[in-house]
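Chemist: Let me begin by handing over the structure; questions about it come next.
None of the figures in this text is laboratory data; all of them are computed from the coordinates on show. Since the structure is predicted, the reported quantities are computational estimates derived from the model, not experimental observations. Cβ placement follows ideal geometry from the backbone for every residue including glycine, while neighbour counts extend to all protein chains displayed.
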Amino acid sequence: MADKPASPHLFADVLARVHAICAALATEDNWPGGIELSRVVVEPPREASHGDMATNAAMVLAKEAKAKPRDLAEKISAKLRADELVASVEVAGPGFVNLTLKPTVWTDALRVVLREGAAYGQTAVGGNEKVNVEYVSANPTGPMHVGHCRGAVFGDALCSLLQFAGFDVIREYYINDAGAQVDVLARSAYLRYREALGEDIGAIPEGLYPGDYLKPVGQALAKEYGDKLRSMREAAWLPIVRDKAIAMMMAEIKDDLAALNIKHDVFFSERSLIETGNNKVAETIDFLRDKGDIYDGRLPPPKGKPVEDYEDREQTLFRATAYGDDVDRPLIKSDGSYTYFASDIANHRNKFERGFNNLIDVFGADHGGYVKRMQAAVKAVSAGKAELDVKIVQLVRLLRNGEPVKMSKRAGEFVTLREVVDEVGSDAVRFMMLFRKNDAVLDFDLAKVIEQTKDNAVFYVQYGHARGHSVFRNARQQGVLPDLPDEDGARRKYLADAALERLSDPSELSLLKQLALYPRMIEAAAVAHEPHRIAFYLYDLASEFHALWNKGGDLPYLRFIINNDAEITRARLAMVQGVVSVLASGLAVLGVQAPTEMR
């Protein structure tokens, strides 16, 4: 078996073997036809002492087999014991099957890492399916703040993860350039225009945007138009100022995103749905009305709100409750303009018509109540053919040494994304924004994320990669490793021929097991739309690597370079190469650099 390469996806390989055993038992014991094996999983056990892998096969198939789970587990175990990969099998609890694999499985898995390099962990689970991921989509009314930053990083990392898992991904930004808020932006910019002409504008009136970030817009308008706009009525100057302000704000937003290495494929304008001579919002409303999903009626007062705040009038309503929402939703305001929801329905119908059945929206913390209505809308406009997953990104508490950070002078009300990136760097921002599940509030401490300690996760992971390269430098200096670049795979190819069976210490095997877990983790993270799993995994892998390094300091026989044993040295350098390759791969998916040395 040692000469036979392991499967690139070891967990998938073992799962296929379990499936084959269950199918064989179904034939032997005459189970009913059409057994659904998709419920059977193979995963790491919760306790390491329980073995290397565990399967629930007996638990989920006992009913079809007309057997007690433990009895079925014993039958499955008997066949697994004959498998070439398996060292031992135990039945645990009500019917779980725990497997311990032979040590050669893990060294074979390392050979796969060395053979595949940057491709290791890639999977075809996506099947090249088209996926539209809409993220950031901040209103173009000001610079991006630290809350937008988290959604931007999450969305971008999710896109990279999905691409790595075999999906065909489009990164989309929906520009909210219609409605009242951009008119407020225009009036705020017009005030700065008057200021640029030398007028004392005094305090910014309530309801307008107070930050200094609109001063350049005012100056640009003054340079382009002189004082011509002052003689116009608002109806004439407002669209001119609005277009200029939106264009300049979007340019700044794109520049801020570029500082985080984030680039969208599509910037889609909300106004284009309405003002292109082909009103897509009206068309969508007519489409839904023809389906019976639109009606004119009254809604009950919102719960918990005073009656005087509620307007009891007949409205144009979307029958959202027919598609899983709690209440039906209005589409047209009392002034005749469309609600945001109406435009959003048209936007998602447009995505479906562009060929996307798999849609993901990344929403901010204040949009939790919007999820059900958007999922209902997608079901309605696609006749159930499209699916929308909404990922809520929770708030970021910005701290410095545990104390809240003061608001930005430039923005007036918040700390900008650019200020944070300029202070701590893109790598720290990207990794730490992902080192917590998206739906949990994140504390981001500007002082902690630049510390060079184990408590700083991004440093610890990057240091693991750099430390691996320091091992290679030392090995070359001592003449035990040829000066082979890894860019073309030469070093990996050289190390793949090492006597990997010499890697027999429990701490070495533990590290190899962690490497073998990477493809499964990638696949699970992609299916769940959870890129934070990669950050967690990388920290665990780096921790295992650093721990083994430290053991070598106390136990010289575990050092990576043993001067009088070229064979074990080459095997351990191969193990280090595996760690370096996987750390670099995971960091690349997250959009974080993998340095070869720390400065």
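Chemist: Once Rh is set to the Kirkwood radius over Cα pairs, what Stokes-Einstein translational diffusion coefficient, in µm²/s, holds for the chain at a temperature of 10 °C and a viscosity of 1.306 mPa s?
Modeler: In µm²/s, the coefficient rounds to 57.
Chemist: Which FRET efficiency value, to the nearest 0.05, is calculated for residue 129 and residue 20 with the Förster distance at 25 angstrom and r the Cβ-Cβ distance?
Modeler: Numbers: r = 27 Å, r/R0 = 1.07.
In this case the efficiency is close to 0.40.
Chemist: Under the Kirkwood approximation for Rh and a Cα-based Rg, what ratio Rg/Rh is obtained for region 328-481? Let's see the in-between values first.
Modeler: Numbers: Rg = 22.8 Å, Rh = 19.6 Å.
With Rg and the Kirkwood Rh in hand, the quotient comes to 1.16.
Chemist: Please compute the modelled spin-label separation between residue 365 and residue 484, points set 7 Å along Cα→Cβ, answer in nm with one decimal.
Modeler: Label at residue 484, label at residue 365, 5.1 nm between them.
Chemist: Taking 7 Å along the Cα-to-C-beta vector as the label spot, tell me the residue 82-residue 68 distance in nanometres, rounded to one decimal.
Modeler: The answer from the label model is 2.5 nm.
Chemist: Output the 0 to 90 degree angle, nearest 10, between the alpha-carbon long axis of helix 340-353 and the longest principal axis computed from the alpha carbons of the chain.
Modeler: 50 degrees
Chemist: Tell me, what is the percent relative contact order of the chain, built from C-alpha pairs under 8 Å that lie six or more residues apart?
Modeler: Across the chain, relative contact order equals 16 percent.
Chemist: Mind computing the radius of gyration and Dmax over the alpha-carbon atoms of region 213-341? Å is fine for both.
Modeler: Radius of gyration, then largest Cα-Cα span, for region 213-341: 20.5, 55 Å.
Chemist: List the relative contact order of region 180-259 as a percent without decimals, with contacts defined as Cα pairs under 8 Å and 6+ residues apart.
Modeler: The value is 40 percent.
Chemist: Helix 215-225: angle to the longest alpha-carbon principal axis of the chain, degrees 0 to 90, nearest 10?
Modeler: Long axis of 215-225 versus the principal axis of the chain: about 50 degrees.
Chemist: Cα-based count: Lys pairs in region 364-444 below 19 Å, eight or more positions apart or different chains?
Modeler: Going through region 364-444 pair by pair, I get 4.
Chemist: Also, quick follow-up: Kindly express, to the nearest 10 degrees and within the range 0 to 90, the angle between helix 371-382's C-alpha long axis and the longest C-alpha principal axis of the chain.
Modeler: Once rounded, the angle reads 90 degrees.
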